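Heads up, the thing below is written out as structure tokens.
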């Protein structure tokens, strides 16, 4: 079974390579699950295989790093002969929880931590070392999470929801958030010290004032305006102030 799991894990790396408006990640999910359902009754020419592959190619969208949990669980359910409605319900219902967990784990946890590592390396060592450190750290987590998720989903099958409620993922999400805040808190002053090394006191005070004003504005505007608009507003303000200065 491990060779087929390994093949599916490799295919998960290109899960989003065929995204489209109609099915989003559906085609990529079918490509990834194919090695796991290849030995269904009748093999690749059998009706069960073709039906399972067609179901897997339907609409699907979740956090790409945890998509393997859903793919492994659905493949195991297909092997177990679970009723069609149960398989479809599983595939549909698991997208939301995986999306929420994955976003909190990767986008608000692992990514800021790895970016902070790269920022410190760029400041204290060399930009090329920073690029290498960031890529190595992030992709080590990337591969590990995808492999773990695929195996966990395959082991759990229909019971994947119970597994997720007690999995290491929930503990990791609680741990990685504070770690991200800590890493950013370390990286930003280090980078700021380098970037403002040639600034006089008045310019440093002005830079700190702009940063604090941007943070305060973001705090009040983010819930109603949205992160993207606040980011564009902050960038535009900095460009205007820099031009005036």
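I'm checking my understanding of the structure. Among residues of the stretch 158-172 that are part of a helix (DSSP H, G or I) and free of Cβ contacts under 8 Å to residues at least 60 places away in the same chain, which one is surrounded by the most Cβ atoms within 10 Å (Cβ to Cβ)? First the steps, then the outcome.
First, pick out the residues of the stretch 158-172 that are part of a helix (DSSP H, G or I): 158-165, 168-172.
Restricting the remaining residues to those that are free of Cβ contacts under 8 Å to residues at least 60 places away in the same chain gives 159, 162-163, 165, 168, 171.
Working: 159: 13, 162: 10, 163: 16, 165: 10, 168: 10, 171: 10.
Going through the qualifying residues, I end up with 163.
Taking the stretch 112-142 on its own, how many of its residues are touching a residue at least 40 places away in the same chain (Cβ under 8 Å) and under 23 Å from residue 164 (Cβ atoms)?
Residues flagged as touching a residue at least 40 places away in the same chain (Cβ under 8 Å) and under 23 Å from residue 164 (Cβ atoms) within the stretch 112-142 amount to 2.
For the stretch 84-106, give me each residue that is out of contact with any helix residue (DSSP H, G or I) (no Cβ under 9 Å at 6 or more places or on another chain) and either more than 22 Å from residue 167 (Cα to Cα) or surrounded by 18 or more Cβ atoms within 10 Å (Cβ to Cβ) (or both).
Taking the stretch 84-106 as the starting set, the residues that turn out to be out of contact with any helix residue (DSSP H, G or I) (no Cβ under 9 Å at 6 or more places or on another chain) are 85, 89, 92, 96, 99-100, 103.
Selection gives 85 alone.
I need a count of the residues in the stretch 40-54 that are in a helix (DSSP H, G or I) and buried (at least 17 other Cβ atoms within 10 Å of the Cβ).
Of the residues in the stretch 40-54, the ones in a helix (DSSP H, G or I) are 43-45, 47-54.
Checking the rest, the ones that are also buried (at least 17 other Cβ atoms within 10 Å of the Cβ) come to 49, 52-53.
Residues flagged as in a helix (DSSP H, G or I) and buried (at least 17 other Cβ atoms within 10 Å of the Cβ) within the stretch 40-54 amount to 3.
Return yes when residue 77 is at pLDDT 90 or above, touching a strand residue (DSSP E or B) at 6+ places or on another chain (Cβ under 8 Å), surrounded by 19 or more Cβ atoms within 10 Å (Cβ to Cβ) and part of a helix (DSSP H, G or I) and no when it is not. First the steps, then the outcome.
On the way: at pLDDT 90 or above: yes; touching a strand residue (DSSP E or B) at 6+ places or on another chain (Cβ under 8 Å): no; surrounded by 19 or more Cβ atoms within 10 Å (Cβ to Cβ): yes; part of a helix (DSSP H, G or I): yes.
No, not satisfied.
What residue, of 72, 58, is in a helix (DSSP H, G or I) and touching a helix residue (DSSP H, G or I) at 6+ places or on another chain (Cβ under 8 Å)? Steps first, answer last, please.
Details: 58 fails: in a helix (DSSP H, G or I).
So the residue among 72, 58 that is in a helix (DSSP H, G or I) and touching a helix residue (DSSP H, G or I) at 6+ places or on another chain (Cβ under 8 Å) is 72.
Here's the yes/no breakdown for (1) under 15 Å from residue 186 (Cβ atoms); (2) surrounded by fewer than 17 Cβ atoms within 10 Å (Cβ to Cβ):
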{"residue": "108", "(1), (2)": "no, yes"}
{"residue": "112", "(1), (2)": "yes, no"}
{"residue": "116", "(1), (2)": "yes, no"}
{"residue": "123", "(1), (2)": "yes, no"}
{"residue": "132", "(1), (2)": "no, yes"}
{"residue": "156", "(1), (2)": "no, no"}
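Looking at the stretch 184-199, which of its residues are in a helix (DSSP H, G or I) and either assigned by TED's automatic domain parsing to the domain that holds residue 68 or surrounded by fewer than 19 Cβ atoms within 10 Å (Cβ to Cβ) (or both)? Before the answer, list the steps.
Taking the stretch 184-199 as the starting set, the residues that turn out to be in a helix (DSSP H, G or I) are 184-195.
If the condition is that a residue be in a helix (DSSP H, G or I) and either assigned by TED's automatic domain parsing to the domain that holds residue 68 or surrounded by fewer than 19 Cβ atoms within 10 Å (Cβ to Cβ) (or both), then 184, 185, 186, 188, 189, 190, 191, 192, 193, 194, 195 are the ones that fit.
Identify all residues within the stretch 1-25 that are in contact with a strand residue (DSSP E or B) (Cβ under 7 Å, 6 or more places away or on another chain) and crowded, with 20+ Cβ neighbours inside 10 Å; write none if there are none.
The one that is in contact with a strand residue (DSSP E or B) (Cβ under 7 Å, 6 or more places away or on another chain) and crowded, with 20+ Cβ neighbours inside 10 Å: 25.
The values are calculated or read from the model by the stated rules, or taken from the named source; none is laboratory data. Since the structure is predicted, the reported quantities are computational estimates derived from the model, not experimental observations. As a convention, Cβ positions derive from the backbone with ideal geometry for all residues, glycine included, and neighbour counts pool all protein chains shown.
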